[in-house]
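First comes the structure, then the notes that go with it.
The values are calculated or read from the model by the stated rules, or taken from the named source; none is laboratory data. Model, not experiment: these values are computed from the prediction. In this analysis, Cβ positions are derived from the backbone assuming ideal geometry, glycine residues included, and neighbour counts consider all displayed protein chains.
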Amino acid sequence: MLALVLLALALRIFGVTQGLPHPTARPDERETLAPLAFFGVGDLNPHWFIYPPLYFYVLSAWIALGFLVHRPDPLAPTYADMLAQNLPTLILYGRTLSVAAGAATVAVVWWLGGRIGGLSCAATAGLLVAVDFLHVRDSHWIKPDVLLGLVFLLSLERLAAFVRAPSGRNALVAGACIGIATGIKYNGILLVLPAFVACVMVAPRPGLAALVPHRHVFTIALAAAAAFFATCPYVLLDPARVRHDLTVVAFSSFATRPDAAPPAGAGWLDRAALFVRSRAFAYHAEVSLRQGCGLLFALVTPPAVVLAATCRREPFLLLAGVFVVFYGLVIGASPVHLARYFTPIVPLLALLIAFLVSRLAARIAPRRQGVTAAIAAVLLSAEPAARSLAHDRLAARTDTRVLATRWMAEHLPPSSVVAIVGSPLFPIADPELPPGRRRAPNGLRPEQFSGAGVTHVVTHWHHQLTAFSHIDPALMAALAPRLRLLAEFTPYREGPAGQFEVQDAYYVPMFDLGGVERPGPLVRVYAYEPAS
């Protein structure tokens, strides 16, 4: 187990500085750190509820622990000062929470695997999680998904303990775990389904009467609500802000996009088919599962889930099987195509697959069960391990935007006025300007560049991430006579390559990494010669 935890740590630490010191190499990290500044002045309201408050509290405590161990900037006495003066270090501290949660998940998976299937199950599950590409990738960022996956494991284990010994105390603990999971990320509330299944399994009456709520149902529900509101009190105390932010979350996550709206007069069958096509069901199967976890992992997932969901002998397996199906249907119903939504159930799937492997190994070669399971584990983990290493090597290389910022610091005069062209809506992917160089206003028309005092133009472009790095051809055609190329920083070896998540401003490929040299868009720096 220790070897697998160390392997998991190594894969998650390697490349953890990806994109730094660029502050938006991973979108939303800066925004996630900003609410923590309120805590330093005694205001425990994060004033930003895109994530639940408990996640901010855990992140704040983790960073505070880091400050106790190592104070990186003695000139920045407060968190707010660090936020303003040394944001890259705060980002790195925050990312290590995901690193630690990812490594801890391997230990928990080993423990659970040993309980449900013995040593071969524990080792197989631990290896699958340790090297899983999607889990490794998402353990590099300030996001709650990896931590949520860890809490999912513990919550389902407590629900299974409740099924084995249905008591008020076990119901309270299981409910509290559900509330804590929801406090880490709102979709932790989806644990209510396995909780209800657990209550049906221990219902005092058989048959359909078991579906009627009994006292344990109310105990779990009340404990979950109490734990959530106790750890996230400002969900109640700041209702206007909560309503606004949760409306944004709900709309962005589940609202039908204009191009996916059914035509007038469409029948229910056509509407259903359009709904399925426009949602993320296929994406999570083809990208999140297949590319994120490996081909063999994806192929054995259906039988592993079926085996678990029909295994009444071990309640953890049954509850986990039910939960991953339910969770997959919910995230699949979203039109958002992001593989990290799938990450929290990767450890559960690893456990279910490991149990299947151990069962098959025991039947096929009962005298060599361990060897057979070990061979299967190596085959299942080979592809994701190779992809994790390739991702980490790429993430560890300097981002093109960082190279561009360094070049501008050395070559552009301090009085330079720089127009940045490339972000269609939000300046998420814009290179940072070095100190002293002034940024021209966004949205300038070609005839306005001279009047704004522009001396240089920086462009960024990407062949797939066009929502974040796209250059208007008409604008560049109008500017071309006045531009002189000074420097170019390309992420590609020979030309556009790699398969990226097009809805995420993350400039490391999801797969087909071979033709990509480093993270970032194609950045060009031009001198601008104003009209005489």
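Considering (1) over 15 Å from residue 98 (Cα atoms); (2) in contact with a helix residue (DSSP H, G or I) (Cβ under 7 Å, 6 or more places away or on another chain); (3) among the hydrophobic types (A, V, I, L, M, F, W, C), say which one residue 136 fails and leave the rest. All conditions pass for residue 136, except number (1). The condition of being in contact with a strand residue (DSSP E or B) (Cβ under 6 Å, 6 or more places away or on another chain), closer than 30 Å to residue 338 by Cα and either hydroxyl-bearing (Ser, Thr, Tyr) or without any contact (Cβ under 8 Å) to a residue 60 or more places away in the chain (or both) does not hold for residue 523. Here residue 526 clears all of (1) within 30 Å of residue 294 (Cβ to Cβ); (2) in contact with a Leu (Cβ under 6 Å, 6 or more places away or on another chain) except the condition numbered (1). Checking each residue in the range 481-518 for being without any contact (Cβ under 8 Å) to a residue 40 or more places away in the chain and either under 30 Å from residue 450 (Cα atoms) or not assigned by TED's automatic domain parsing to the domain that holds residue 418 (or both) picks out 481, 488. Of the helices (runs of 4 or more DSSP H) that lie entirely inside the range 1-119, those containing 3 or more residues that are under 30 Å from residue 361 (Cα atoms) span 2-13. Among residues of the range 51-73 that are surrounded by 14 or more Cβ atoms within 10 Å (Cβ to Cβ), those with a Cβ under 7 angstrom from a residue that is of a type in the set (D, E, K, R), sequence gap 6+ or separate chain, pair up as 51/185; 52/185; 55/185. When the range 477-516 is filtered for residues that are within 26 Å of residue 384 (Cα to Cα), over 23 Å from the mean Cα position of the chain (by Cα) and among the acidic types (Asp, Glu), only 494 remains.
Checking the condition out of contact with any Gly (no Cβ under 6 Å at 6 or more places or on another chain), within 17 Å of residue 1 (Cβ to Cβ) and among the small types (Gly, Ala, Ser), which residue from 118, 168 passes? Unique residue meeting the criteria: 118. The requirement of being farther than 26 Å from residue 383 by Cβ and either outside the structural domain of residue 352 (by TED's automatic domain parsing) or over 25 Å from the mean Cα position of the chain (by Cα) (or both) is satisfied by residue 65.
Taken over the range 356-368, the residue count meeting the criterion of being over 22 Å from residue 305 (Cβ atoms) and assigned to a helix (DSSP H, G or I) is 3. Close Cβ contacts (under 7 Å, 6 or more residues apart or on different chains) running from residues in the range 155-174 that are farther than 20 Å from residue 348 by Cα to residues that are part of a helix (DSSP H, G or I) and of a type in the set (S, T, N, Q) comprise 168/219; 171/219; 172/219. When 433, 465, 479, 486 are screened for being assigned to a strand (DSSP E or B), surrounded by 15 or more Cβ atoms within 10 Å (Cβ to Cβ) and of a type in the set (A, V, I, L, M), only 486 passes.
Could you say whether any residue in the range 431-452 is among the hydrophobic types (A, V, I, L, M, F, W, C) and within 22 Å of residue 88 (Cα to Cα)? So far as the range 431-452 goes, yes, one or more of its residues are among the hydrophobic types (A, V, I, L, M, F, W, C) and within 22 Å of residue 88 (Cα to Cα).
The residue of the range 287-346 that is surrounded by the fewest Cβ atoms within 10 Å (Cβ to Cβ), among those that are more than 21 Å from the chain's Cα centre (by Cα) and not in a helix (DSSP H, G or I), is 313.
Take residue 423 and decide whether it is at pLDDT below 95, in contact with a helix residue (DSSP H, G or I) (Cβ under 9 Å, 6 or more places away or on another chain) and assigned to a loop (DSSP other than H, G, I, E, B). No.
Which of the residues belonging to the range 240-262 are among the basic types (Lys, Arg) and assigned to a loop (DSSP other than H, G, I, E, B)?
Answer for the range 240-262, where residues must be among the basic types (Lys, Arg) and assigned to a loop (DSSP other than H, G, I, E, B): just 257.
Right, residue 254: of a type outside the set (A, V, I, L, M), within 30 Å of residue 201 (Cβ to Cβ) and out of contact with any Gly (no Cβ under 6 Å at 6 or more places or on another chain) or not? Criteria not met by residue 254.
Within the range 199-238, restricting attention to residues that are among the small types (Gly, Ala, Ser) and modelled with pLDDT of 95 or more, which residue is surrounded by the most Cβ atoms within 10 Å (Cβ to Cβ)?
224
Residue 428 meets the conditions (1) aliphatic (A, V, I, L, M); (2) within 24 Å of residue 391 (Cβ to Cβ); (3) modelled with pLDDT of 95 or more in every case but one. The failed one is (3).
Residue pairs whose Cβ atoms lie under 9 Å apart, separated by 6 or more positions or on different chains, with the first residue in the range 372-401 and touching a residue at least 24 places away in the same chain (Cβ under 8 Å) and assigned to a loop (DSSP other than H, G, I, E, B) and the second of a type in the set (A, V, I, L, M) and surrounded by 22 or more Cβ atoms within 10 Å (Cβ to Cβ), are 399/25.
Pick out the one residue from 149, 102, 114 that is touching a helix residue (DSSP H, G or I) at 6+ places or on another chain (Cβ under 9 Å) and free of Cβ contacts under 8 Å to residues at least 12 places away in the same chain.
114 is the lone residue from the list that is touching a helix residue (DSSP H, G or I) at 6+ places or on another chain (Cβ under 9 Å) and free of Cβ contacts under 8 Å to residues at least 12 places away in the same chain.
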